[in-house]
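Shown next, in structure tokens, is the structure this report addresses.
Every read-out reported here was derived from the displayed coordinates using simple, explicitly stated rules and does not represent laboratory data. Remember, it's a predicted structure, so these values are computed and weren't measured experimentally. No Cβ is skipped: glycine too gets one built from the backbone with ideal geometry, and neighbour counts run over all protein chains shown.
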Amino acid sequence: MGLCEISSLNYGLGVPTVEGERDERDQPMTTSSAATSPLDQQGAAPPPPARPPLNGLATLALAYGVIAVAAGLLPAVREITGSLAVPAIALAATGLANARRLGGAGTRQAAIGLATGIAGLALSLAAHLAA
């Protein structure tokens, strides 16, 4: 084939390479092991980053409080859900206690859940007394 022989197809892509030529892909990868290795100097992997604590009761109180306000405003929702205001208030109080124990995680959610629970209870009582 002319002046040079084709030795092989380059990585199965159909690109011929000339014998004696070296492609940069043929070179072994040389990188700094400190930059790419996840191991620390002792040879152990570093611990994963700590996740912040979760306060599920505060989240549940917020959800129940929002539904309680919707139930206080809309009679159709009230017939489906009943009164979720009392559980929202109880969950919010427990969520606030857990927030103190967890270092403040979920304090805002529990406080909003308490406020919406109280508002939902007031709306439900007003709607019940008006009917």
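Let's see how each residue does on (1) more than 23 Å from the chain's Cα centre (by Cα); (2) part of a helix (DSSP H, G or I); (3) surrounded by 17 or more Cβ atoms within 10 Å (Cβ to Cβ):
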position: Ile89; (1), (2), (3): yes, yes, yes
position: Gly95; (1), (2), (3): no, yes, yes
position: Ala99; (1), (2), (3): no, yes, yes
position: Gly104; (1), (2), (3): no, no, no
position: Gly113; (1), (2), (3): no, yes, yes
position: Thr116; (1), (2), (3): yes, yes, yes
position: Gly120; (1), (2), (3): yes, yes, yes
position: Leu129; (1), (2), (3): yes, yes, no
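Please count how many residues of the range 49-75 are surrounded by fewer than 16 Cβ atoms within 10 Å (Cβ to Cβ) and in a loop (DSSP other than H, G, I, E, B).
Final tally of qualifying residues: 7.
Of all residues in the range 71-113, which are closer than 26 Å to Ala130 by Cα and touching a residue at least 40 places away in the same chain (Cβ under 8 Å)?
Scanning the range 71-113 gives Ala71, Gly72, Leu73, Pro75, Arg78, Ser83, Gly113.
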